[in-house]
Amino acid sequence: LEVVGAILMGFGINKTTRCNSVAEARALLDQRVFDVVIVDCEMPDEDGFDLVRHIRSNPNASNFTVPILMMSAT
């Protein structure tokens, strides 16, 4: 998270939202509209693929078509 945040700041993006779990991310995605979502493939408890399935599962949701970047450190 820290490295990605630093990279984004280097591109002038200074407003980011960080989540430490899929459950936390789901709650925020259901409340707010995002410009892009960067997902760690290997998040605790559930993985990033579960989160992407959630985002893409409801065509009426406000973030249904948000661009998603999947990342992995492995």
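The values are calculated or read from the model by the stated rules, or taken from the named source; none is laboratory data. None of these values were measured; they are calculated from a predicted model. Don't worry about glycine lacking a Cβ; one is built from the backbone with ideal geometry, like all the others, and counts go over all protein chains shown.
How about the stretch 13-43: which of its residues are among the β-branched types (Val, Ile, Thr) and either in contact with a strand residue (DSSP E or B) (Cβ under 9 Å, 6 or more places away or on another chain) or at pLDDT below 95 (or both)? First the steps, then the outcome.
Of the residues in the stretch 13-43, the ones among the β-branched types (Val, Ile, Thr) are 13, 16-17, 22, 33, 36-39.
Residues satisfying the conditions are Ile13, Thr16, Thr17, Val22, Val36, Val37, Ile38, Val39.
Considering only the stretch 22-43, how many residues are under 15 Å from Leu1 (Cβ atoms) and without any contact (Cβ under 8 Å) to a residue 24 or more places away in the chain?
Number satisfying all stated conditions: 3.
Restricting to the stretch 21-38, count the residues that are over 16 Å from Ile68 (Cβ atoms), surrounded by 12 or more Cβ atoms within 10 Å (Cβ to Cβ) and not small (Gly, Ala, Ser). So that I can check it myself, show each step before the final result.
Pass one, the stretch 21-38, residues over 16 Å from Ile68 (Cβ atoms): 21, 23-24, 27, 31.
Narrowing further to those that are surrounded by 12 or more Cβ atoms within 10 Å (Cβ to Cβ): 21, 23-24, 27.
Of the ones still in play, those that are also not small (Gly, Ala, Ser) are 24.
Number of matching residues: 1.
Residues are listed down the side, and each one gets a yes or a no for (1) over 21 Å from Ala73 (Cβ atoms); (2) in contact with an Asp or Glu (Cβ under 9 Å, 6 or more places away or on another chain); (3) assigned to a loop (DSSP other than H, G, I, E, B):
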| residue | (1), (2), (3) |
| --- | --- |
| Ala6 | no, no, no |
| Asn20 | no, no, yes |
| Asp35 | yes, no, yes |
| Glu42 | no, no, yes |
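Residue by residue through the stretch 51-74, note down the ones that are of a type outside the set (S, T, N, Q) and either surrounded by fewer than 14 Cβ atoms within 10 Å (Cβ to Cβ) or closer than 22 Å to Asn14 by Cα (or both).
Within the stretch 51-74, the first condition is being of a type outside the set (S, T, N, Q), and the residues that meet it are 51-56, 59, 61, 64, 66-71, 73.
Within the stretch 51-74, Arg53, Pro59, Phe64, Val66, Pro67, Ile68, Leu69, Met70, Met71, Ala73 meet the criteria.
Taking into account only those residues within the stretch 44-59 that are modelled with pLDDT under 95 and part of a loop (DSSP other than H, G, I, E, B), which is farthest from Leu1 (Cα to Cα)?
Asn58
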